[in-house]
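Enquirer: I am attaching a structure below and will ask some questions about it afterwards.
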Amino acid sequence: MEQKDNQVTAEQKKRFELPFHIVKRSTLPLKKKILVYAIALVGSLLLSSLICWIFGDGNPLDFFAYLFKGTFGTSRKFWLLLLETAFLLGASVALIPAFKMKFWNLGGNGQILMGCLASYAFAYKLGGKMPEWVLLLLMFVSSVAAGILWAVIPAIFKAIFNTNETLFTLMMNYIAEGVVLCFFAYWIHGQDVAFPKPNGGVLPALGNNMLLTILVFFLLAGLMFVYLKYSKHGYEISVVGESVNTAKYIGIDVKKVIIRTLILSGAIAGLIGFFLIARTSAPLDKTLHNNMGFTGIMTSWLAAFNPLFMFLTCFFIAFINTGMSQVQTDFGFTNNAISKIVIGLIYFFVIACAFFINYKIVRRDDSGQKKPLKKRPQIRQRGTNK
Amino acid sequence: MAKEVLVEFQNITKTFGAVVANNNVSMQIYKGEILSVLGENGCGKTTLMNMLAGIYYPDGGKILIGGKEVQIHSPKTAFEYKIGMIHQHFKLIDVFTAAENVVLGVKDNTKYNLNSVKKRIGEMCDRYGFHINPDKKIYEMSVSEKQTVEIIKVLYRGADILILDEPTAVLTPQEIEKLFAVLRAMREDGKSIIIITHKLNEVMEISDRVAVLRKGEHIGTVQTSKTTEQKLTEMMVGKKITLNIDRTLVKNPIDRLIIKGLNYTNQENVKVLDDISFTARSGEILGIAGIAGSGQKELLEAIAGLQPLDSGEIIFNRPKKNLPVSFYHKTFKQVVTMAAEGKFHYEDGSTVDFTGMKKKEICQLVNDGKILFNEDDVMNLRDKTPLQIRELGVRLSFVPEDRLGMGLVGNMDLIDNMMLRSYRKGNSILVDRKKPENLAKKIVSGLEVVTPDLHTPVRRLSGGNVQKVLVGREISAAPKVLMAAYPVRGLDINSSYLIYNLLDKQKQEGVAVIFVGEDLDILLGLCDRILVICGGKVSGIVDARTITKEEVGLLMTKTDSGKGENNGTEG
């Protein structure tokens with residue numbers, strides 16, 4: 001690494017230098033990668049437990065006990081953990097086709113919220129006035145359509161005018177929130193301060209009211225894996241994502257692929273909205289999306305856009321989230337600030353791993369030069385490294 | 001010749017990750033000499049010199065200047081030791097004038113006075129024989145003028161050691177002569193000049209000594225007068241190789257691709273293609289020569305259907321009157337529609353009518369070659385997308401200049417890259433990776449591609465192997481027209497000649513080959529005809545067997561008076 005000018009003259013032999021420099025790694029074996037992540041996880045959890053110990057009442061070991069109590073403590077808690085995993089997985093599955101195409105869809109929240117709104121509107125207006133299955137069908141179709149609408153608008157602008165999709169999708173989130181508030185102000189009659197629970201439109205329970213949701217999104221993740229890896233559409237998505245020029249060169253209609261992929265993304269996001277409302281006929285709320293549109297970015301990124309790895313990352317994030325609410329209660333925190341700090345801390349540790357996986361730190365000796373290599377270095381021969 | 005040693009490298013080592021760019025290199029540079037640093041692409045020439053110029057810092061070893069060990073931490077420190085480097089890609093500010101660029105960043109504690117700067121530039125020009133207008137803006141300059149500004153910039157800072165990285169890569173023969181005259185004048189003035197290059201004839205012409213690097217190691221330094229091109233090649237490559245292109249004679253050429261009056265004006269309102277017309281024949285290699293950025297890229301992309309045009313025609317000619325339908329791969333559906341349009345006849349001349357016949361019978365007739373075309377097939381490919389061109393049955397292969405950014409996908413493995421052309425085949429919604437895998441195997445063994453396995457991302461392969469994969473895929477489509485833009489750029493000598501011979505083989509098989517090249521020696525040795533373009537215009541179509549390099553060079557700068565000149569910096 002070259003040093004930036006530090007106003008050094010030729011005579012000035014001694015100069016300030018960092019005692020190390022940063023070198024890019026070639027590749028790290030899988031075992032070491034896992035080790036890096038494991039160290040980060042353990043480190044972050046230890047630090048978190050210390051923080052909770054300092055600010056709350058309980059000893060550091062309690063932190064771990066509560067974390068597991070909140071997630072695996074009772075069968076209901078475990079079901080809730082799976083449910084949260086499923087929703088998060090759904091959000092990640094909705095995002096990855098676009099991400100694989102390097103279309104940075106930050107509008108997951110808005111797309112999910114529009115799905116919620118569509119379902120809720122039908123459930124609220126028509127609940128109890130028509131057969132449940134017709135209502136559910138209407139809710140399903142309208143949610144998917146609403147999700148598609150919210151995703152496809154930025155896609156069309158991107159495809160035709162090459163507008164920046166990052167800002168566009170982000171702004172669509174706020175519009176979606178506004179639409180929800182408008183709906184409340186103009187459609188909800190009466191003196192309610194919050195949205196009322198709708199009168200109908202509840203999905204039938206499959207054992208309990210969580211299993212169906214869990215099955216649907218787990219299945220979707222599997223299907224998405226096949227779609228991205230083995231279908232022609234998936235192949236086109238990767239080519240467009242890697243190089244638009246190559247895509248044009250071989251005759252892929254890039255505009256069509258962008259729009260088609262975002263229709264798929266939006267449809268899945270809308271579906272999440274449908275399940276959020278119809279699973280328990282929940283009242284609408286502008287935070288019903290639970291920020292999954294953004295958390296999903298992290299889970300899919302950590303999983304390197306592989307839907308199968310996403311099972312792990314989503315489960316982990318869901319584990320931390322649900323576990324921390326238990327920790328919060330049991331440590332006697334009166335607000336969720338500490339648990340937000342801890343969650344942020346753990347995310348930070350895990351994301352920072354990417355640096356240590358891609359780079360290593362090399363110490364310099366006194367002369368400012370790297371220590372001589374012990375082994376005779378391997379000669380530059382690209383392509384022949386067997 | 002007891003010359004004074006100015007710079008000495010002692011056991012210099014530099015690594016980038018697992019890649020060792022320089023290993024234990026020790027060499028000397030004398031005062032007042034021209035030293036060529038010769039080596040194939042990727043052998044560490046530029047890295048070594050970048051360490052002298054302060055761009056990189058060595059991992060091990062010492063650099064001595066005038067016998068004293070020095071630490072060169074930045075280009076600024078390098079200038080304090082009177083070392084200046086002229087990079088392959090110029091580092092100038094386009095909207096500034098030459099004089100402004102020269103003085104930019106100079107801190108000599110004098111008041112900023114552009115007039116005195118211009119005066120000094122003028123003195124330098126007289127001394128070494130440059131010609132430059134200090135008030136000309138960079139964006140108005142040709143590549144050669146920009147290079148002159150870079151040289152003056154370095155001299156202005158008082159450099160005694162000049163490093164030039166591939167200075168001739170983008171120049172015409174005439175400009176190279178001028179540059180060499182300047183370099184000789186500087187040598188007489190006592191300056192040391194280091195030229196990084198991989199062109200042997202230039203090494204022989206200009207340098208006093210040659211340092212040869214191979215795979216990061218210093219093989220040896222020899223006096224130019226005491227060596228030959230053949231010996232240098234052996235040092236570079238590490239083994240004896242024969243370098244010749246077997247140019248075969250053209251057999252039964254037919255006009256395959258007829259280009260008429262292509263015009264294209266880009267978004268900056270620059271006329272990139274200006275009334276270009278030519279014909280590419282089957283069984284012939286048509287070379288395209290010109291200064292980088294004269295419209296070569298746009299021309300090929302226009303033919304491939306990637307570039308919209310203002311006007312003009314791209315006629316693909318397929319003479320097939322009285323040839324059997326089975327000769328051209330047609331789907332059953334296409335055959336039936338074409339028969340309905342009355343485009344076929346039987347051997348005895350009667351019109352083909354398929355009504356009431358079964359699919360099996362029709363296929364039998366077609367396969368037996370009983371059904372013939374009525375007319376020649378002439379198609380205008382203008383404004384057709386690459387997909388439409390392929391659906392028309394036109395087999396047009398294109399090896400673009402940007403291999404990993406356009407021809408291939410760097411992060412995908414060999415199999416997926418093979419699939420780019422063929423993944424659409426079949427009605428299944430899933431892709432078939434079996435056939436591409438077989439194709440990849442065939443290309444890896446046939447063209448000796450060095451790769452750990454078929455699942456390696458192509459960007460990890462070396463430049464030569466990447467190009468073999470790309471050319472292999474394009475040839476595997478059995479093209480009728482094969483276009484290749486700078487197919488050997490960045491390739492080592494062996495791979496380059498392999499590519500040349502592949503192109504010649506395609507020519508023998510009756511393909512119309514269009515080859516855009518930059519090395520005039522190769523163009524003259526490989527092609528049958530050469531189309532010279534200059535500033536988007538055709539300045540001549542010449543017979544490659546009789547014309548000389550100098551004549552081509554003149555044609556390349558025919559309209560050099562400034563009008564319509566394109567200062568492309570793609571080089």
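The values are calculated or read from the model by the stated rules, or taken from the named source; none is laboratory data. Note that this is a predicted model, so its numbers are computed, not measured. When we count neighbours, we look across all protein chains shown, and the Cβ atoms used for this are built from the backbone with ideal geometry, even at glycine.
Enquirer: Is at least one residue of segment B:260-273 touching a helix residue (DSSP H, G or I) at 6+ places or on another chain (Cβ under 7 Å), in the same structural domain as B:G536 (by TED's automatic domain parsing) and in a loop (DSSP other than H, G, I, E, B)?
Expert: no
Enquirer: Here's something else I'd like to know. Looking at segment A:67-75, is at least one residue within 23 Å of A:Q328 (Cβ to Cβ) and among the aliphatic types (A, V, I, L, M)?
Expert: yes
Enquirer: A further question on this structure: Answer yes or no: is there a residue in segment B:387-404 that is buried (at least 19 other Cβ atoms within 10 Å of the Cβ) and more than 14 Å from every other protein chain (Cβ to nearest Cβ).
Expert: No, the conditions are met nowhere in segment B:387-404.
Enquirer: So, one more: Can you name the number of the only condition in (1) away from every other protein chain (no Cβ under 11 Å); (2) in a loop (DSSP other than H, G, I, E, B) that B:E437 fails?
Expert: (2)
Enquirer: Name the single residue, out of those in segment B:27-44 being among the polar types (S, T, N, Q) and surrounded by fewer than 24 Cβ atoms within 10 Å (Cβ to Cβ), that is nearest to the other protein chains (Cβ to nearest Cβ). Please lay out each step first, then the result.
Expert: Narrowing segment B:27-44 to residues among the polar types (S, T, N, Q): B:28, B:36, B:41.
The next check asks that each one be surrounded by fewer than 24 Cβ atoms within 10 Å (Cβ to Cβ); those that pass are B:28, B:41.
Numbers: B:Q28: 20, B:N41: 11 Å.
Only one residue fits best here, namely B:N41.
Enquirer: Taking segment B:388-437 on its own, how many of its residues are farther than 14 Å from A:I250 by Cβ, small (G, A, S) and over 25 Å from the mean Cα position of the chain (by Cα)?
Expert: Residues in segment B:388-437 being farther than 14 Å from A:I250 by Cβ, small (G, A, S) and over 25 Å from the mean Cα position of the chain (by Cα): 3 in total.
Enquirer: Going by the structure shown, is B:K14 buried (at least 23 other Cβ atoms within 10 Å of the Cβ), at pLDDT below 90 and touching a Gly at 6+ places or on another chain (Cβ under 6 Å)?
Expert: Working: buried (at least 23 other Cβ atoms within 10 Å of the Cβ): yes; at pLDDT below 90: yes; touching a Gly at 6+ places or on another chain (Cβ under 6 Å): no.
The answer is no for B:K14.
Enquirer: In segment A:115-166, how many are over 23 Å from the mean Cα position of the chain (by Cα), polar (S, T, N, Q) and more than 27 Å from A:F195 (Cβ to Cβ)?
Expert: 2
Enquirer: Then there's this: Just to check your reading of the model, which residue among B:A169, B:A181, B:A185, B:A211 is in a loop (DSSP other than H, G, I, E, B) and of a type in the set (G, A, S)? Give the derivation first.
Expert: Numbers: B:A181 fails: in a loop (DSSP other than H, G, I, E, B); B:A185 fails: in a loop (DSSP other than H, G, I, E, B); B:A211 fails: in a loop (DSSP other than H, G, I, E, B).
The unique qualifying residue is B:A169.
Enquirer: OK, next. Could you check segment B:343-374 and list, in sequence order, the residues that are assigned to a loop (DSSP other than H, G, I, E, B), within 47 Å of the chain's Cα centre (by Cα) and surrounded by 12 or more Cβ atoms within 10 Å (Cβ to Cβ)? Show your work before the answer.
Expert: Going residue by residue through segment B:343-374, those that are assigned to a loop (DSSP other than H, G, I, E, B) are B:343, B:347-350, B:352-358, B:368-370, B:374.
Then keep just the ones that are within 47 Å of the chain's Cα centre (by Cα); that gives B:343, B:368-370, B:374.
Hits for segment B:343-374 are B:K343, B:G369, B:K370, B:N374.
Enquirer: Which residue pairs have Cβ atoms under 7 Å apart, sit 6 or more places apart or on different chains, and have a first residue in segment B:356-367 that is within 13 Å of B:Y346 (Cβ to Cβ) and assigned by TED's automatic domain parsing to the domain that holds B:Y346 and a second that is aromatic (F, W, Y) and loosely packed, with under 14 Cβ neighbours inside 10 Å?
Expert: The qualifying pairs do not exist here.
Enquirer: Now a separate question. In segment B:4-14, is there at least one residue being farther than 18 Å from B:T221 by Cβ, facing chain A (nearest Cβ under 10 Å) and within 27 Å of the chain's Cα centre (by Cα)?
Expert: no
Enquirer: Are any of the residues in segment B:44-52 farther than 18 Å from B:F16 by Cα and modelled with pLDDT of 85 or more?
Expert: Start the filter on segment B:44-52 by keeping residues that are farther than 18 Å from B:F16 by Cα, which leaves none.
No: zero hits.
Enquirer: Counting just the residues of segment B:424-434 that are loosely packed, with under 14 Cβ neighbours inside 10 Å and either closer than 18 Å to A:I237 by Cα or more than 14 Å from chain A (Cβ to nearest Cβ) (or both), which one comes out modelled with the lowest pLDDT?
Expert: Per the stated criteria, the residue is B:K425.
Enquirer: Determine whether B:N317 is at positive phi and at pLDDT below 90.
Expert: Numbers: at positive phi: no; at pLDDT below 90: yes.
Criteria not met by B:N317.
Enquirer: For segment B:307-327, which positions are in a loop (DSSP other than H, G, I, E, B) and surrounded by 15 or more Cβ atoms within 10 Å (Cβ to Cβ)?
Expert: Within segment B:307-327, B:Q307, B:L309, B:P319, B:K320, B:L323 meet the criteria.
Enquirer: Evaluate segment B:103-110: report whether one residue or more is assigned by TED's automatic domain parsing to the domain that holds B:V149, modelled with pLDDT of 85 or more, surrounded by 19 or more Cβ atoms within 10 Å (Cβ to Cβ) and within 20 Å of B:I132 (Cα to Cα). Don't jump to the end; show me each part of the working.
Expert: To start, the set of residues in segment B:103-110 that are assigned by TED's automatic domain parsing to the domain that holds B:V149 comprises B:103-110.
With modelled with pLDDT of 85 or more added as a condition, the list becomes B:103-104.
Now drop any that are not surrounded by 19 or more Cβ atoms within 10 Å (Cβ to Cβ), which leaves B:103.
Keeping just the survivors that are within 20 Å of B:I132 (Cα to Cα) gives B:103.
Yes, some residue in segment B:103-110 is assigned by TED's automatic domain parsing to the domain that holds B:V149, modelled with pLDDT of 85 or more, surrounded by 19 or more Cβ atoms within 10 Å (Cβ to Cβ) and within 20 Å of B:I132 (Cα to Cα).
Enquirer: Please determine, by comparing only the residues of segment B:447-464 that are touching a Gly at 6+ places or on another chain (Cβ under 7 Å) and in contact (Cβ under 8 Å) with a residue 24 or more places away in the chain, which one is farthest from the other protein chains (Cβ to nearest Cβ).
Expert: Once the filter is applied, the top-ranked residue is B:L447.
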